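This report refers to the structure that appears directly beneath it.
The values are calculated or read from the model by the stated rules, or taken from the named source; none is laboratory data. Bear in mind the structure is a predicted one, so any value in this text is a computation, not a measurement. Cβ: placed from backbone, ideal geometry, glycine included. Neighbour counts: every protein chain shown.
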Amino acid sequence: SASGSIHLLHLGPHLLSKPEMIREQHEVSVLGDHQNPGPVMSTVVNIQTDTVVPDHIVWSLFNTLFFNTCCLGFVAFAFSVKSRDRKMVGDVIGAQSYASTAKCLNIWAVVLGIFMTIGLIVLLVFVLPGVMQAVMHNRGF
């Protein structure tokens, strides 16, 4: 079944997983279940898997190395590590809170990093040649 549920069939004192349950049901129907003339009871046990909390640690590491504008990438990395720590001790709410902060900081780090990169390109393409020309003209070259 979806979402990590395990279905078990209760046959007297036995509990079987779903693949074994199908085989056992077939055997019971073929044999006629002479030992237990009553109806076969089934029990479904839902086991919740851990809630997935993305900690954004890879994104934070990338921003720390390449888009560390105003140290936002580094701070995002610290919050990602805190989120992972909270997740390891079972504090899902704390992990989600730290992960949300890390995500916000990562978004700002990327946006500011892109703006600064575009600004640097504009500076190099448009401003630097004019400055170089003015310097060369003042020196008499």
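Annotations
- Just one residue in the set Val52, Val81 is modelled with pLDDT of 90 or more and of a type in the set (A, V, I, L, M); that residue is Val81.
- Among the candidates Val40, Val28, Val92, the residue that is more than 30 Å from Leu120 (Cα to Cα), at pLDDT 60 or above, of a type in the set (A, V, I, L, M, F, W, C) and not assigned by TED's automatic domain parsing to the domain that holds Leu120 is uniquely Val40.
- Scan of the stretch 82-114 for residues that are among the aliphatic types (A, V, I, L, M) and either buried (at least 17 other Cβ atoms within 10 Å of the Cβ) or in contact with a helix residue (DSSP H, G or I) (Cβ under 7 Å, 6 or more places away or on another chain) (or both), ordered by number: Ala95, Ala99, Ala102, Leu105, Ala109, Val110, Leu112
- Selection of the stretch 111-138 for residues being among the polar types (S, T, N, Q) and either modelled with pLDDT of 95 or more or under 42 Å from the mean Cα position of the chain (by Cα) (or both) yields only Thr117.
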